[in-house]
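Bear in mind these aren't lab numbers, they're just calculated from the coordinates by the rules spelled out. This one's a predicted model, so the numbers in the text were calculated from it and none came from an experiment. Note that we place each Cβ from the backbone using ideal geometry, even for glycine, and neighbour counts take in every protein chain shown.
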Number of protein chains: 2
Amino acid sequence: MKKSVAIISFLSLLVNLYAQSQDSVIIRRIFDEALTSRAAYENLRYLCKNTKGRICGSPQAAEAVEFTSQVMLDMELDSVYLQELMVKRWVRGMNEEAYVISSLFGFHELTISGLGTSVGTGEKGIIGKVLEVQTFDDLEKLGTENIKGKLVFFNRPMDPTLINTFAAYGGAADQRTRGASEAARYGAIGMVIRSLTTALDDFPHTGVMYYEEGIPKIPAVSVSTIDAEQLSRLLSGDPDLHLHIISNCKNLDEVTSHNVVGELKGTVYPDQIITIGGHLDAWDTGEGAHDDGTGCIHAIEAVRLLKDLGIQPKRTIRAVMFMDEEIAQRGAKKYAELARENNEKHYAAIESDRGGLTPVGFGFTAAEERMEGFLQLKEYFKPYGITEFVRGGGGADIGPLREFGATLISFIPEMQRYFDYHHSPNDTFEQVNIRELQLGCAAIAALVYLIDKYDL
Amino acid sequence: MKKSVAIISFLSLLVNLYAQSQDSVIIRRIFDEALTSRAAYENLRYLCKNTKGRICGSPQAAEAVEFTSQVMLDMELDSVYLQELMVKRWVRGMNEEAYVISSLFGFHELTISGLGTSVGTGEKGIIGKVLEVQTFDDLEKLGTENIKGKLVFFNRPMDPTLINTFAAYGGAADQRTRGASEAARYGAIGMVIRSLTTALDDFPHTGVMYYEEGIPKIPAVSVSTIDAEQLSRLLSGDPDLHLHIISNCKNLDEVTSHNVVGELKGTVYPDQIITIGGHLDAWDTGEGAHDDGTGCIHAIEAVRLLKDLGIQPKRTIRAVMFMDEEIAQRGAKKYAELARENNEKHYAAIESDRGGLTPVGFGFTAAEERMEGFLQLKEYFKPYGITEFVRGGGGADIGPLREFGATLISFIPEMQRYFDYHHSPNDTFEQVNIRELQLGCAAIAALVYLIDKYDL
């Protein structure tokens, strides 16, 4: 009896080793195909160059919907369809300008960018004395008597000592998202933030901001980091310095838009869904290359790799281009809403929204008993330099799928230079490296293959 | 007795844990200082922008010697000095041109770059039928009857499926280094190679080539990968296609040049030396940013970090700017020769010559009994995402120090996009990210601190 158990154990070990080596061969094939195909890169080029300005609700966003649908139709996926939704429509307008007016230092132009959903200044712009602060606490200390009628300038940099640049971003983003209302609470007439980036350069970085109910809506713009430093220097020499800001952005009526979904039907459990998602909308000042053209292309190319290599997943694999991640996540909400209506089973979801630099790993949010299985997948990815398999995964677009019990997974690429691009005119196709993009696509395809095969 | 052993073990464990946590604090301080200082980045900017064209023996190389000496003098290191040596002097000359002449396809200009140490074509250039090959075996099969009087075009790409791009480079570099003599052996009158890069773009990549004794010296140039593909396409439609190449490069008399050395004197074992090295010479077509401006700056900044943080190493730490890595490694030879003459003790040497992208790890060549100690250092670097501590380290400049028993260490940064820059006009300051550079400097400083402190 004992002997036969030993033999069975031995045989099962052999079978396991064989399966593992087979998996390694398939994963190697996925990487080889990704690294020798220009499909992903050329699709990204088209998206960046031909749908630039694809902020949600824009004609360019509609073109991006059209283009990515067509790419997936051409791939002959089992099904390609749109999910209709309503999105906010904010337009930047022409002529964003800002001028320093100082009796001591004269006239200086600053490079600015209106923040998403901000109101404009009106044609003549706004002029006011500038008050530099770092935090909301500073505002409270200064109080209405010092702030009323002025322009508040938030100049708190992202912490450069944090190795995780997303954490540094998280620590500074409140200035952008809530700064206007916090300043307006004390009577400020406008708000300027130092761009959220680790770079010291001339690019202003935009991004969404929110107005708090019941507080006056004041214009909000960002200024490049070089100009933020300049403005701060000038202010320290001339506290009476004024700023003249002109912006013509405005909020229009909501319009119809779409998520785009492409499906590879599962062979065994077609009703169980693995979602791979990026977001199709992008800020209008750049090309939306790293944010989040690469995420969309990762999703499309991962599905193409599985299909073209004849890998037939047991579950249904969906590439999803979410609309409106940047402003109100309406696409994510619609996707979850339809999943609820259709009683969909969501097995796992991977989001790529951290750019298209070299992949370093994945983060997982899963039931504790399944976590070990995920973390051990690392072994398969070592030959590709992908070694960071960590707890904690998700994202704005796939977050709502947690209610369906789906494992949520973040794709984690290298992140040191990501915020050089994020939300700025510098987020262009030229900043994406073909190999880094290809490796990301392959990594995601390989992960989906393993999760599906081993029912993780 | 047993009890006291247990107590001693316990106490020594506590001491160890305390030492480790102190080390973590010091390493954190090194990274903080690196990430909040622009010194390294601004020094690199100067080197790139003001000594562009610093191929060995050039006036720009002399300026680079001057500049890096001055930077280290300004840092008030214990000693800064030059090591004189003789270097080859090759100059590119003006007007490198190549034209396709085809009765079927007409006239096309190609983007070329003469290979380092190549002879020129003479004023009128050379014209010949083009023969495309992949390997030296192809030449042997074709033989003199097919090759004589022609231009040989080596068009074997770097293997894109290799994750290690340096391995892909190694697998294709023979075309550049030996291709001319291999082709001339069969009577070829000139040689063209596909640029050694993983990118498909318009930049020609230069690099050193060697002539074999007793074989005619024929002109050797590289062509951009886009033009290599174009040339190959045209050739398949018109096998009678000719190429006209004009290059004016030439080899002049040898001249005097220098290595630059900056020292932080050891407090306990001043005669034991830890070398941190990069190379100061760079190909003339680019700015030598990633190859190897970043290596030089890594070395200088690592020493600055130790000094400015008041870390006093037991051993002497040297930042060394090696001259002439690209052509004949005369700087490396001179450094070893002087070490021999002066009976120097070389404890360890770190070379940074793989660019200035995000650090991922270090490679070590050391006595086997010391290897485990090195590999375990990984734990200190995990918080910084630096996790690849592997066997096998060295480099062209520190290689000769093995005879002194020195541990040889390679600095390993991310490598997917490195060959987009390598030896091309695309190797510019703008391609270096400040954070990636800063992290590299800190990683090297931290490694030196640990190796020195724990006598590894």
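Structural remarks
- Cβ crowding within 10 Å, taken as a proxy for footprinting-reagent exposure, orders B:L196, A:L131, A:L115 from fewest neighbours to most as A:L131, B:L196, A:L115.
- Placed amide H near A:E325: partners under 5 Å, 5+ positions off or other chain: A:L280, A:D281
- For the protein assembly as shown, the Stokes-Einstein estimate of translational diffusion at 37 °C and a viscosity of 0.692 mPa s comes to 108 µm²/s, using the Kirkwood hydrodynamic radius over alpha-carbon pairs.
- Label distances, nm, B:G128 versus same residue in remaining copies, Cβ-directed 7 Å point: 7.4
- The lysines within cross-link reach of B:K378, meaning a Cα-to-Cα straight distance under 20 Å and a gap of 8 or more places when in the same chain, are A:K378, A:K382, B:K453.
- Axis of helix B:136-147 versus longest Cα principal axis of chain B: the two differ by about 20°, to the nearest ten degrees.
- Each of B:H244, A:H422 was scored by other Cβ atoms within 10 Å of its Cβ. Listed from fewest to most, they are B:H244, A:H422.
- Normalised convex hull volume, the range B:337-456, alpha-carbon set, Å³ per residue: 116
- Percentage relative contact order, the range A:93-248, counting C-alpha pairs under 8 Å, at least six apart: 39
- Total lysine pairs whose alpha carbons fall under 27 Å of each other in the range A:69-172 (8 or more apart, or interchain): 7
- Size of chain B as Cα extents on the principal axes (Å, biggest first): 93, 43, 40
- Those aspartates and glutamates that a straight Cα-Cα span of less than 17 Å connects to A:K314, excepting residues fewer than 8 apart in one chain: A:D23, A:D78, A:E263, A:D271, A:E344, A:D452, A:D455
- For chain B, relative contact order (Cα pairs under 8 Å, six or more residues apart, normalised by length) works out to 20 percent.
- Order of A:I386, A:I317 under a 10 Å beta carbon neighbour criterion, fewest first: A:I386, A:I317
- Three-way shape label, the range B:95-248, alpha-carbon gyration tensor, a/c 1.5: rounded
- The local environment of A:N343, defined by Cβ-Cβ distances under 15 Å, has a net charge of -3 under the rule Lys, Arg +1 and Asp, Glu -1.
- For the range B:310-400, the square roots of the Cα gyration tensor eigenvalues, ordered a ≥ b ≥ c, give a/c of at least 1.5 with a/b greater than b/c, which places it in the prolate category.
- Neighbourhood charge, 10 Å Cβ-Cβ cut-off, centred on B:G277 and excluding it, Lys, Arg +1 and Asp, Glu -1: -4
- Between helix A:434-453 and chain A: long-axis angle, C-alpha atoms, 0 to 90°, nearest 10: 50
- Nearest-first distances (nm) between copies at A:G93, label 7 Å from Cα via Cβ: 6.2
- For the range B:96-203, the set of GluC sites (Glu not before Pro) satisfying both a DSSP loop assignment and a count of at most 14 other C-beta atoms within 10 Å is given as B:E123.
- Projecting label points 7 angstrom from Cα along Cα→Cβ for B:T135 and B:S232 puts them 1.6 nm apart.
- Within-11-Å neighbourhood charge of B:G331 [Cβ basis; K, R +1; D, E -1]: -4
- Modelled label positions at A:E430 and B:E42, each set 7 Å beyond Cα in the direction of Cβ, lie 2.7 nm from each other.
- Inter-copy label distances at B:S236, using a point 7 Å along Cα-to-Cβ, come to 6.3 nm with the shortest given first.
- Cα gyration tensor shape for the range B:242-301, rounded if a/c is under 1.5, else prolate or oblate: prolate
- Take the Cβ atoms of A:M86 and A:K345, set R0 to 30 Å, and the FRET efficiency comes out at 0.65.
- Coarse-grained scattering of the range B:4-80 at q = 0.19, 0.23 Å⁻¹, given as base-10 log I(q)/I(0) from a Debye sum over alpha-carbon atoms: -0.89, -1.03
- Against chain B, whose longest principal axis is taken from its Cα atoms, helix B:294-308 shows a tilt of about 20°.
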